[in-house]
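Asks: The structure's right below; bear with me while I get my questions together.
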There are 2 protein chains.
Amino acid sequence: MKDLIGSAGTVGGLLLRFFQFTFAFISFCVMVTVPGFSSVTAFCYLVAAMVFQCMWSLAIGLLDGYALLTGRRLQNSLLVSLFVVGDWVTSTMTFAAACSAAGITVLIDNDLSECGPNHCSRFEAAVAMAFLGWITISLSFFFSFWVLASR
Amino acid sequence: MKDLIGSAGTVGGLLLRFFQFTFAFISFCVMVTVPGFSSVTAFCYLVAAMVFQCMWSLAIGLLDGYALLTGRRLQNSLLVSLFVVGDWVTSTMTFAAACSAAGITVLIDNDLSECGPNHCSRFEAAVAMAFLGWITISLSFFFSFWVLASR
């Protein structure tokens with residue numbers, strides 16, 4: 001298998017995991033500080049998806065760090081398949097959560113114009129961070145999938 | 001390049017395009033028959049995304065049919081790259097539209113319990129069809145990406 005910038009066990013891969021974790025963590029923190037966010041299912045789902053992304057990115061980030069420190073290569077078929085499936089599931093969950101929360105934010109902001117009593121700017125910030133998290137985890141997915149397909 | 005079941009220019013590929021078009025067309029028809037759907041941005045976006053998916057799937061489906069009838073192979077790098085990018089853009093748009101519409105449907109149905117004056121069952125049907133459309137176009141994307149990566 002080729003070693004690709006950004007694939008598992010490289011400095012690029014570790015950086016991508018770091019950004020994924022950071023964006024997901026900020027999104028989580030912003031959303032849980034909004035009072036009453038839990039009355040909307042989509043916002044609860046966003047929080048759950050961000051927790052899941054934090055855990056996944058942290059776990060694989062630690063594995064990347066270990067591989068870099070010990071000089072091991074994380075390129076066997078089984079491991080790369082695990083990264084592909086895990087990244088796909090996580091990125092799909094994150095994207096679904098970001099889109100549904102974005103739909104509701106646009107509904108409150110544009111369609112109903114009820115930003116006054118709500119916290120539109122915080123919802124928007126949480127959604128934006130979730131989208132950034134999705135972009136970085138999609139990159140990880142593409143690199144892993146490319147490594148798997150081109151072996 | 002390997003010829004993969006479901007990739008462009010195969011019977012499997014043509015069938016996938018047919019299902020994509022059908023699901024997107026049903027979703028579009030169900031949504032536009034709901035009076036006042038256009039007052040919600042996410043539902044307008046769903047309609048736009050379904051129109052886009054219909055056009056894309058029809059165009060590539062016709063190309064697949066032509067390739068099958070004339071016995072040509074649609075496997076050169078440039079063409080497969082075009083399929084990969086097009087399928088990715090279309091599937092992302094469809095998924096985003098389905099998720100944001102699903103978020104609003106759940107908000108109306110579960111969180112606000114206002115299904116009475118609204119058309120929850122039709123919203124749900126349109127969203128379900130959009131998700132089915134997304135699954136079939138994702139399959140097309142994976143096959144094209146695999147063909148591109150394994151050349």
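What follows draws every value from the coordinates through simple rules; no lab data is involved. Because the structure is a prediction, the values reported are computed rather than measured. Here the Cβ positions follow ideal geometry from the backbone for every residue, glycine too, while neighbour counts run over all protein chains shown.
Asks: Unpartnered cysteines of chain A (Cβ-Cβ under 4.7 Å counts as a partner)?
Replies: A:CYS29, A:CYS44, A:CYS54
Asks: Measuring nothing but label to label, 7 Å from Cα along Cα→Cβ, what are B:SER113's distances to the other copies in nm, shortest first?
Replies: Relative to the other copies, B:SER113 has label-point distances of 3.0 nm.
Asks: Assigning unit charges at the beta carbon (Lys, Arg +1; Asp, Glu -1) and nothing else, what dipole magnitude in debye, to the nearest 20, does the protein assembly as shown show about its Cα centre?
Replies: The calculated dipole for the protein assembly as shown is roughly 1200 debye.
Asks: Taking the Cα atoms only, what angle lies between the long axis of helix A:11-32 and the longest principal axis of chain A, rounded to 10 degrees?
Replies: Roughly 20 degrees, rounded to the nearest 10.
Asks: HN-Hα J couplings of region B:87-102 from phi, Karplus 6.51/-1.76/1.60, θ = phi - 60°, integer Hz, Gly and Pro as x?
Replies: 5, 5, 4, 5, 5, 5, 4, 5, 5, 4, 5, 4, 5, 5, 5, 5
Asks: Hey, another quick one. Peptide A:93-101: average number of partner chain Cβ atoms within 10 Å per residue?
Replies: 5
Asks: I would also like to ask the following. How high is the relative contact order of chain B, given as a whole-number percent (alpha carbon pairs under 8 Å, six or more residues apart)?
Replies: Answer for chain B is 41 percent.
Asks: How would you rank A:49-58, B:130-139, highest first, on the average number of other Cβ atoms within 10 Å across their residues?
Replies: Going by the mean number of other Cβ atoms within 10 Å, highest first, we get B:130-139, A:49-58.
Asks: Shielding by partners for B:39-50, please: the mean number of other protein chain Cβ atoms within 10 Å of each residue's Cβ.
Replies: Mean shielding by partner chains, rounded to a whole number: 3.
Asks: Using Cα atoms only, what is the angle between the long axis of helix A:120-149 and the major principal axis of chain A, expressed in degrees (0 to 90) to the nearest 10?
Replies: Once rounded, one gets 20 degrees.
Asks: Helix B:41-70 versus the longest principal axis of chain B: what is the Cα-based angle in degrees, 0 to 90, to the nearest 10?
Replies: So the helix axis and the longest Cα principal axis differ by about 20 degrees.
Asks: Then there's this: Decide, for region A:11-149, between rounded, prolate and oblate: order the square roots of the alpha carbon gyration tensor eigenvalues as a ≥ b ≥ c, take rounded if a/c falls under 1.5, and otherwise choose prolate if a/b is larger than b/c, else oblate.
Replies: Verdict is prolate for region A:11-149.
Asks: Further question: Checking the a/c ratio against 1.5 first, then a/b against b/c, what shape does the Cα gyration tensor give for the protein assembly as shown?
Replies: Oblate shape, in that a/c is at least 1.5 and b/c is the bigger or equal ratio.
Asks: Relative to the other copies, what are the label-point distances for A:PHE52, with labels 7 Å from Cα along the C-beta vector, expressed in nm at one decimal and sorted shortest first?
Replies: Nearest first, the other copies' label points are 2.4 nm away.
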